[in-house]
1. Only helical DSSP H runs with n ≥ 4 go in: add -39500 (n - 2.57) per run for the chain, normalise by residue count and round the 222 nm mean residue ellipticity to 500 deg cm²/dmol.
2. Just to make sure I understand: if all protein chains stay in place, what is the order of L37, L73, L44 by accessible area at 1.4 Å, largest first?
3. Counting only protein chains, not ligands or nucleic acids, how are M39, M25 ordered by accessible area (probe 1.4 Å), most first?
4. May I ask you to give the solvent-accessible area per residue for the chain, in square angstrom, as obtained with a 1.4 angstrom probe?
5. Please list, ordered by chain and number, the residues whose modelled amide H lies under 5 Å from the amide H of I98; skip anything fewer than 5 residues away on the same chain.
6. Counting DSSP beta bridges in the chain, what percent are antiparallel, to the nearest 5?
7. Report the net charge of residues surrounding G41, where surrounding means a beta-carbon distance below 15 angstrom and charges are Lys +1, Arg +1, Asp -1, Glu -1.
8. Region 71-106: which GluC sites (Glu not before Pro) are DSSP loop and have at most 13 other beta-carbon atoms within 10 angstrom?
Amino acid sequence: MATISVRTRDGEIHSFDGRVGASLMENIRNAGLEELLAMCGGCLSCATCHVYVEQVPGSASLPVASIDETELLEGSDYRQENSRLSCQIPFDETLSGIVIGIAPED
């Protein structure tokens, strides 16, 4: 199984099996972690699925952030170098073991 680990805002880590082909946002919501609001449902219009990519396994790489994703993240007071919108990261086997943290709410 391909696993995802998520650090919630209080520092607790939740690990669960991810569904390949779904976005990180969809996997996090399906795991019942309600801190990730994802209000637009993955339409790249709200930035409420903002996460910090803390660890990418092995030689895996994430897709480059689009201009739209970058612009949405620029509006966050909590943007960091490792900030991404979880709706824009498709989950596959190469990302098994990824660790992300949920960003504070803007």
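1. Rounded to the nearest 500, it is -3500 deg cm²/dmol.
2. Most to least solvent-accessible, the answer reads L37, L44, L73.
3. From most accessible down to least: M39, M25.
4. Roughly 54 Å² per residue, with all protein chains present.
5. S5
6. So the antiparallel bridges amount to about 75 percent of the total.
7. Computed value for this residue: -1.
8. Of the GluC sites (Glu not before Pro), the ones in loops of region 71-106 whose Cβ has at most 13 other Cβ atoms within 10 Å are E81, E105.
The values are calculated or read from the model by the stated rules, or taken from the named source; none is laboratory data. Small disclaimer: the values here were computed from a predicted structure and weren't measured. Positions of Cβ are backbone-derived with ideal geometry, glycine not excepted, and every protein chain shown enters the neighbour counts. Only protein heavy atoms, including side chains, enter the accessible area calculation; ligands, DNA and RNA are left aside. Shrake-Rupley method; radii C 1.70, N 1.55, O 1.52, S 1.80 Å.
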